[in-house]
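Let me begin by presenting the structure, written as structure tokens, before commenting on it.
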Amino acid sequence: MKVLRTLVCGAAAAIVALTVPAAADASSLADPNGKYCVQDLSDGPESCFTTEQALNAYQSELSLTPLLTVFRNTNYVGSGGYKNYVSAYGRIYCDDRTDYNEASQRYLSADKYSNGLSVDLSISSFVIAPNSGCIVTFWKGNFSGDSITKAFSCPNMATCYSGWDNKARSLAVT
């Protein structure tokens with residue numbers, strides 16, 4: 001009976017060891033050089049992947065829907081680089097409290113687009129998740145200085161908000 005129990009425990013451990021890596025590629029999570037990243041805006045870790053498909057699978061697996069996606073190019077063109085920001089609380093919506101950050105990033109210089117370039121001073125368009133109830137605030141300083149608050153997506157920061165193309169240094173989603 002002791003031998004059978006040992007075999008059953010060993011088989012269970014082997015099944016766990018074989019199925020855990022399939023859930024999320026651990027090497028991708030630890031690789032900061034991955035091109036496709038998602039940032040937990042509660043100052044949590046950035047998870048990077050080598051392919052867009054791996055990023056989408058990770059987000060889908062964890063039910064991570066971006067509340068905000070920023071783009072380096074106008075008109076939401078991802079080839080210039082993009083960055084997804086998800087809720088710090090795993091939600092796909094924002095509540096009515098505008099003094100409560102669902103997600104935020106004080107230093108955009110710490111964030112990278114999918115192509116590895118810095119997000120700081122380079123946002124040209126952005127998409128707020130449809131029907132999320134979210135608004136985004138951008139600052140020209142690190143949560144300081146001039147700011148704009150918007151409740152809808154913008155295909156071109158130069159025309160939507162005069163003087164804001166490539167100016168954001170921090171952001172908050174509420």
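Being buried (at least 18 other Cβ atoms within 10 Å of the Cβ), out of contact with any Pro (no Cβ under 7 Å at 6 or more places or on another chain), of a type in the set (Ser, Thr, Tyr) and under 15 Å from Thr69 (Cα atoms) narrows it down to one residue among Ser122, Ser118, Ser153; which is it?
Ser122
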Give the residue that is surrounded by the fewest Cβ atoms within 10 Å (Cβ to Cβ), with candidates limited to residues of the stretch 128-150 that are part of a loop (DSSP other than H, G, I, E, B) and in contact (Cβ under 8 Å) with a residue 40 or more places away in the chain. Gly133
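Can you pull out the residues in the stretch 91-127 that are of a type in the set (Lys, Arg), closer than 21 Å to Lys167 by Cα and in a loop (DSSP other than H, G, I, E, B)?
Arg106
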Residues of the stretch 64-100 that turn out to be at pLDDT 90 or above and among the charged types (D, E, K, R), as a count: 2
Criterion violated by Leu68 - all others in (1) in contact with a Ser or Thr (Cβ under 8 Å, 6 or more places away or on another chain); (2) within 17 Å of Arg169 (Cα to Cα); (3) in contact (Cβ under 8 Å) with a residue 60 or more places away in the chain satisfied: (1)
Can you give me the number of residues within the stretch 156-169 that are surrounded by fewer than 16 Cβ atoms within 10 Å (Cβ to Cβ) and touching a Phe, Trp or Tyr at 6+ places or on another chain (Cβ under 9 Å)? 2
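The values are calculated or read from the model by the stated rules, or taken from the named source; none is laboratory data. This is a predicted model, so every value here is computed, not measured. Every residue, glycine as well, gets a Cβ built from its backbone with ideal geometry; the counts of neighbours run over all protein chains shown.
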